[in-house]
Structure formats: structure tokens, C-alpha cells
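Visitor: Here it is, the structure, as C-alpha cells.
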Amino acid sequence: MERKKHLFLTGHKQVGKSTILRKLLENREEPAGFRTLRVPNEEGCSVHMFAPGEMELTEANRVFYKYKGVLHLNIEDFDRIGCDLLAKSRGAGLILMDELGPTEVNAQKFRGAVWETLNEAAHVYGVLQMAESDFLDQVASRQDVLVVTVTEENRDQLPHWLAQQGW
């Protein structure tokens, strides 16, 4: 198998993609980049974006929320938070993008920052949501990206297999 520059995991929700990345990153220096966390509540959920190693859930790092089934997304917040985290990642040896999804469809500045990071970064480890999205398809089809699908059947073996492959 040809060694690619970047690794992205994909698969159904809650199958273990982020868990596999955490296992691959154990005993390494904390990567730059971003993590997202979905926080459910009684009426819906909120999604926050923050640097790896942090986990403060605030209004300042909330990129969108769903309330009673309605998506509330401020593209400017998404662009501001995401672009800031990726700008702080410049020059890092390893960048985490956990995760990219279809919500970014109108976040043009953020999408541009993702593309720029993929062009410049030494290595990116990330998660691509399994969803219909031209943006996600473009990331997955890059020549320098390896996409691995995580399933319930392979998720326990993948961390070891990926480590053997040099990830």
C-alpha cells in the first residue's frame, strides 16, 4: 500500500472513529488542530470546537446547535473558530481534524483553511462524517489522503493495523 500524507477515518456515527484516533495518538505529543464534541440535551444538542487537549464547553466555542429539530448555525462563528484553530496549527508536525461534516457546506473560509492546511501540513489525522457532501468527497478524493472505513467488525483491530502501517 502506498503511504499517503494524511489519514481520515469514516464510518457510521458512534462506531469508534474518534476513539481509534485517540488510540493512535497515545504516547505522542498533543497534536495541533481541533476536536468537535456533540453535547446532547433535552431539546437537541450543541456542537463545540476546541483545540486537542482542551475541553471547555462554552458559548465562545459553540459552532452550532439544534433545538427542537431545527439547526441553528452561524457561519461566521464556524469560520472564526475553525480558522483560528487551524491558523494556530501552522507548522505543527501533526494536525488533528476531528471531525469534518456536511454542516461546513457554507463555511467557505473554514473550508479554505482546511484545504490550505492539507496542502501545507506534514500530516493530518481526521474524521470525515459519512454523509452526502461535495466538500467531504473532495477531501476524501485527494491523492495524498488515505480514507479508512471503520465498522463494528474492524474497529478493534484498526488501531493495531494502522500503527503497523506507520500511522
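Visitor: Ignoring GluC sites (Glu not before Pro) that are buried or in helix or strand per DSSP, and keeping those with at most 15 other beta carbon atoms within 10 Å, what is the longest stretch of the chain between them?
Guide: Counting at most 15 other Cβ atoms within 10 Å as exposed, the longest clean stretch of the chain is 57-131.
Visitor: Which loop-located trypsin sites (Lys or Arg not before Pro) does the stretch 1-82 contain, where loop means any DSSP state but H, G, I, E or B and the Cβ has at most 12 other Cβ atoms within 10 Å?
Guide: Of the trypsin sites (Lys or Arg not before Pro), the ones in loops of the stretch 1-82 whose Cβ has at most 12 other Cβ atoms within 10 Å are Arg3, Lys13, Arg28, Lys68.
Visitor: How large is the charge dipole for the stretch 1-86, taken about the Cα centre, if only the Cβ atoms of Lys, Arg (+1) and Asp, Glu (-1) carry charge, to the nearest 20 debye?
Guide: Rounded to the nearest 20 debye, it is 580 debye.
Visitor: Residue by residue through the stretch 92-97, what is 3J(HN,Hα) from phi via Karplus (6.51 cos²θ - 1.76 cosθ + 1.60, θ = phi - 60°)? Round to whole Hz and write x for glycine and proline.
Guide: 6, x, 9, 10, 9, 10
Visitor: Sticking with this one: Using a 1.4 angstrom probe on heavy atoms only, work out the carbon and sulfur share of the accessible area of the stretch 21-79 in %. Provide the component values of the computation, followed by the final result.
Guide: Details: 1740 of 3740 Å².
It is 47 percent, rounded to a whole number.
Visitor: Students sometimes get this wrong: rank Trp167, Trp115 by accessible area, probe 1.4 Å, all chains present, largest first.
Guide: Working: Trp167 10, Trp115 85 Å².
Ranked list, largest accessible area first: Trp115, Trp167.
Visitor: Would you mind checking the radius of gyration and Dmax of the stretch 18-91 based on alpha-carbon positions, in Å?
Guide: Over the stretch 18-91's Cα set, Rg and Dmax evaluate to 13.7, 41 Å.
Visitor: Take every Cα-Cα distance within the stretch 88-153, group them into 10 Å bins from 0 onward, and report for each bin the whole-number percent of pairs it holds.
Guide: 19, 56, 23, 2
Visitor: For Val39, Val145, give me the order by solvent-accessible area with a 1.4 Å probe, most accessible first, ignoring ligands, DNA and RNA.
Guide: Ranked list, largest accessible area first: Val39, Val145.
Visitor: What translational D, rounded to a whole number of µm²/s, comes out for the chain from Stokes-Einstein when the hydrodynamic radius is the Kirkwood one over Cα pairs, at 4 °C and 1.567 mPa s?
Guide: The Stokes-Einstein estimate is 80 µm²/s.
The values are calculated or read from the model by the stated rules, or taken from the named source; none is laboratory data. Nothing here was measured: the structure is a model prediction, and the numbers come from that model. FYI the Cβ positions are ideal-geometry reconstructions off the backbone, even for glycines, and counts take in every protein chain you see. For the accessible areas, the whole protein counts, side chains as well, though only heavy atoms, and no ligand, DNA or RNA atoms are used. Shrake-Rupley method; radii C 1.70, N 1.55, O 1.52, S 1.80 Å.
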